Every structure is written in structure tokens, then in C-alpha cells.
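Attaching a single structure in C-alpha cells format; questions to follow.
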Amino acid sequence: MRTLDNDRFLRALKRQPVDYTPTWMMRQAGRYLPEYRESRKKARDFMALCRNPELCCEVTLQPLARYGLDAAILFSDILTIPDAMGLGLRFVEGEGPVFDRPVRDERAIAQLPVPDPNVELRYVMDAVTTIRAALGNRLPLIGFSGSPWTLATYMVEGAGGSDFVTIKRMGYDAPELLDSLLAKLAASVSLYLEAQLAAGADALMVFDTWGGVLAPDDYLRFSLQPMAKIVAHLKRVAPEVPVILFTKNGGQHLEAMADTGCDALGLDWTTDLGAARARVGSRVALQGNLDPAWLFAGPAKIEAAVARTLASYGPGPGHVFNLGHGILPTTPPEHAAAMIEAVRRLSPAYHRAD
Ligand code: CP3
């Protein structure tokens, strides 16, 4: 493994001692930053930005220049895989992602290719390489993918943000068909994440944004089981690389998630951090979990919320501070600074060796 100047994030994921609680923010490079909005104008649209390794690198570094963050995250999107499968991805202003050719039947699923990450997704690997070179050995770089279930929701529904009736009907009427789509996605994600490691990522995170909309037994079959296959693959090819699983609204599944053999679980704010630690803290590190809406409160209130989050986890290693979901586009950037500075100031008390 690479020797890094700042390895607090990687140490915390392995539940090793650190001097303060490492911090990063989901969507830390994004629209709340004026410098991101400037860079974004240089690209024709959002996917053109993702396809340009130099611009990806530029925006990845922007939050690191502003804040004392302990990790960088690759600037890309989870929908790169379905795009590479040929579904015709477009981001419609004000509506979010849309696929021109959703997959809804056996034929469409059977015809889906498993993309070669070094061919169809070469632009992502080039971004990782470019960012790695720019970071040098300063900070760890997080690679990521969407979970098979979360990718499938967009691929089958054809767009985001619905009641998920189309994909749920497939899961109820033809569960083996949905299993076959998820198996293809699990294979694609495994190769994609492995390639990101080879290109220079230090840790990997799987975003399961929509696992929490499933009933518990459906979650285990359609969301967790494909993620478990990915973890098993990564642990086979790169056992030392930390893997983080994040199911939004997945608080009831923490034990089952830890059983996959992953290193850390991301938590949203609806799960109590201290209670989660009591359940699975001897097996995995925990990442989270301040409600991103806290960053609209005043700096003194933000500091108090940070203090409560740190106290909820309690003393000792194994905590990575983060928001419970992505930072919101209208967040005042100086409020993010207040949060990060509060973690830096208040967390050393939880890491004293006595
Ligand atoms: O954290 C980071 O800084 C890394 C970059 C990152 C982006 N998307 C950049 C982005 C990551 C990790 C993602 C993941 C992602 N993308 C998820 C899972 C994340 C989670 O929080 O659970 C999902 C569901 C997507 C799909 C997606 N991409 C949506 C719903 C949108 C928003 C569309 C809109 O118009 O509001 C995107 C676009 C996107 N991805 C933006 C960014 C910064 C904004 C695009 C812009 O600049 O216009």
C-alpha cells in the first residue's frame, strides 16, 4: 500500500488509533462551491465534465484547497456504468438523470454488456490517474460506484425519484429476471472498482442510495446480496483495501451489512451513531452521520451538533466524520468550514491514549 502523509482516514476505516477524527463530505466537490460552478461552465454538460480528466481533477481538488479534509473523492458519477452499457444517459436540467433506453424485459437484460472498465470507462480511470498524480502522497483518494440495486432503479425506471413501481413489479412478478440484471451489475461494478484501485484509488465506497425503499427480505435479496458479491470480489483481489458500504435508510440492516466482510458502514442521520456502534462497532468502522440540513443553521449550532455526533460515537477509533448524505447545493460554504473546524477542535479529546 501507498505511504501517505495523512493516513487518518485509512487508519480510522481499519479501526486503528488516530489523533483526531478524520473528515470528508459526500458530494464535497459540487454545486455549493462557486469555483465548481465556474469549472462546470467550461464543460458542455455534466457528463462532459465527467469525461474530461483534467476538469475532474480540478474539481476534485477544490474542496481540499478550501478545507482541512482528510480524503479526496474521485469526481464522477454512479451512472457511468449504465451509460457505458449503452442506455443513453442524459441529465435534464431540473429533473435529474434520464435514460433514453431503459431496460425492462428479458431480451434487453440479456443483451446488456459488462463494460470493460479500461475501454468504455477509460475516462474514469484516466481521471483517477490524473487526480492521483496531482495529490501525490498527501491524501487518500476514494473510488466509488453505485450499488447494483441503486443502478438498476435508474436503469429500469428510466429516471430517478419515483415510487419505484416498475422495478418493484419486476422484483415481484419476475424475481429471477431482476436477479439476472443485478448479477450483471455486480460483475460490472466489481471490475470497475478493481480498475479504480489499479489506477490509484486507496479506498472504495459503494453508494446504495435506494436500498432503504425495499422491504427487509427484498433488501437482503436485491440490494445486499449483490453488494456482498462485490465485497467478496474485492477482498479476493485486494484484501487490504478498505471497502465502505452505504445504504441510505439502511439502519435496520447494519448486522447483515457487516456480515459481508466490508470494513466500514456509512450511516445517514436517521440512525443513532452510538447505538450503531454498540451493534456492529467491534466489526466495522462507522462513517457519518450529520444531517446535511444542519449546515443551514448558524455556526454555533453546527458546532453543538458536531459535538453531539462525536459524543454519540464516543471515545476510541473507528469513526470517520461525514454528513449523513450529500451536501446540499444551496449550503453556505463557510458553514461546511465551521463543521470541519469543529471536528478538528473537539475530536482529539476522543482519541487520547489514557
Ligand atoms: O462526493 C463527491 O464529491 C463525488 C462526486 C459524486 C457525484 N455524484 C457528483 C455529482 C458522487 C459520489 C455521486 C454519486 C451519485 N450520483 C449518487 C449516489 C450518491 C448518494 O448521495 O447517495 C446518485 C444517486 C447519483 C445520480 C445523480 N447524479 C443525481 C441524482 C444527480 C443530480 C441531478 C441534478 O440535476 O440535481 C447527479 C449529478 C451530479 N453528480 C452532480 C454532481 C456534483 C451535479 C451535477 C451538476 O453539476 O449539474
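For the pair Ala198/Glu54, report the inter-label distance in nm, with labels modelled 7 Å from Cα in the Cβ direction.
Each label point is offset 7 Å from its Cα along the Cβ direction, giving 2.7 nm.
For the stretch 203-354, which semi-axes, largest first and in whole Å, follow from the square roots of 5 times the eigenvalues of its Cα gyration tensor? Walk me through the intermediate numbers first.
Numbers: eigenvalues 150, 66, 37 Å².
The equivalent ellipsoid of the stretch 203-354 has semi-axes of 27, 18, 14 Å.
Where Lys and Arg each count +1 and Asp and Glu each count -1, what net charge lies around Val98 among other residues with Cβ under 13 Å from its Cβ? Intermediate values should be presented prior to the final figure.
On the way: positive: Arg90, Arg101; negative: Asp45, Asp83, Glu93, Glu95, Asp100, Glu157.
Here the charged neighbours net out to -4.
Tell me what the chain gives for mean residue ellipticity at 222 nm when only DSSP H runs of n ≥ 4 count, each as -39,500 (n - 2.57), the sum divided by the residue total, rounded to 500 deg cm²/dmol.
Values: 15 runs with 158 residues, N = 354.
Rounded to the nearest 500, the figure is -13500 deg cm²/dmol.
Using alpha carbon coordinates only, what is the Rg to Rh ratio of the chain, with Rh defined as the Kirkwood radius?
Details: Rg = 19.3 Å, Rh = 20.4 Å.
For the chain, the value is 0.94.
Can you compute the FRET efficiency between Arg66 and Arg345 using 1/(1 + (r/R0)^6), with r the Cβ-Cβ distance and R0 = 22 Å? Round to the nearest 0.05.
Numbers: r = 17 Å, r/R0 = 0.79.
With R0 = 22 Å, the Cβ-Cβ based efficiency is 0.80.
Provide the FRET efficiency to the nearest 0.05 for the Arg122-Leu328 pair, computing r from the beta carbons and using R0 = 30 Å.
Numbers: r = 32 Å, r/R0 = 1.07.
Efficiency at R0 = 30 Å is approximately 0.40.
Compute the distance in nm between two label points, each set 7 Å from the Cα along the Cα-to-Cβ direction, one at Ala215 and one at Ala110.
For Ala215 paired with Ala110, the spin-label model returns 3.0 nm.
Moving on to the next point. With each label point set 7 Å from Cα along the Cα-Cβ vector, what nm distance links Asn6 and Ala307?
With each label placed 7 Å out from Cα toward Cβ, I get 2.5 nm.
Strictly over 30 Å apart at the Cα level, which of Lys42/Lys248; Lys14/Lys229; Lys41/Lys168; Lys41/Lys229; Lys14/Lys248; Lys168/Lys229 would you flag in this model? Walk me through the intermediate numbers first.
Working: Lys42/Lys248 32 Å; Lys14/Lys229 21 Å; Lys41/Lys168 38 Å; Lys41/Lys229 39 Å; Lys14/Lys248 22 Å; Lys168/Lys229 21 Å.
Beyond 30 Å between Cα atoms: Lys42/Lys248; Lys41/Lys168; Lys41/Lys229.
To the nearest 0.05, what FRET efficiency results for Thr129 and Ser282 with a Förster distance of 35 Å applied to their C-beta separation?
Values: r = 37 Å, r/R0 = 1.06.
So the FRET efficiency works out to roughly 0.40.
Give me the number: length gained by fully extending Lys235 to Glu35, i.e. 0.36 nm times residue separation minus the C-alpha to C-alpha distance, one decimal in nm. Mind dumping the intermediate values first?
Working: separation 200, 0.36 × 200 = 72.00 nm, distance 3.74 nm.
Contour length minus Cα-Cα distance gives 68.3 nm.
Going by C-beta contacts inside 10 Å, put Thr23, Thr260 in order with the fewest on the left.
Numbers: Thr23 28, Thr260 20.
By the 10 Å Cβ count, ascending, the order reads Thr260, Thr23.
Most exposed first by the Cβ proxy, i.e. fewest other Cβ within 10 Å, how do Trp24, Trp269 rank?
Working: Trp24 23, Trp269 19.
With the fewest neighbours first, Trp24, Trp269 line up as Trp269, Trp24.
Kirkwood hydrodynamic radius (Cα pairs, Å) of the stretch 163-291?
Details: mean 1/r = 0.0657 Å⁻¹.
For the stretch 163-291, the Kirkwood estimate is 15.2 Å.
How big is the C-alpha Rg of the stretch 279-354 next to the rule-of-thumb value 2.2 N^0.38 Å, as a ratio? Don't skip to the answer; put the middle values down first.
Values: Rg = 12.8 Å, N = 76, 2.2 N^0.38 = 11.4 Å.
Here the answer is 1.12, to two decimals.
A short reminder: the numbers here are calculations on the coordinates, not readings from a lab. Quick caveat: nothing in here was measured; it's all calculated off a predicted structure. Note that each Cβ is placed from the backbone with ideal geometry, even for glycine, and that neighbours are counted across all protein chains shown.
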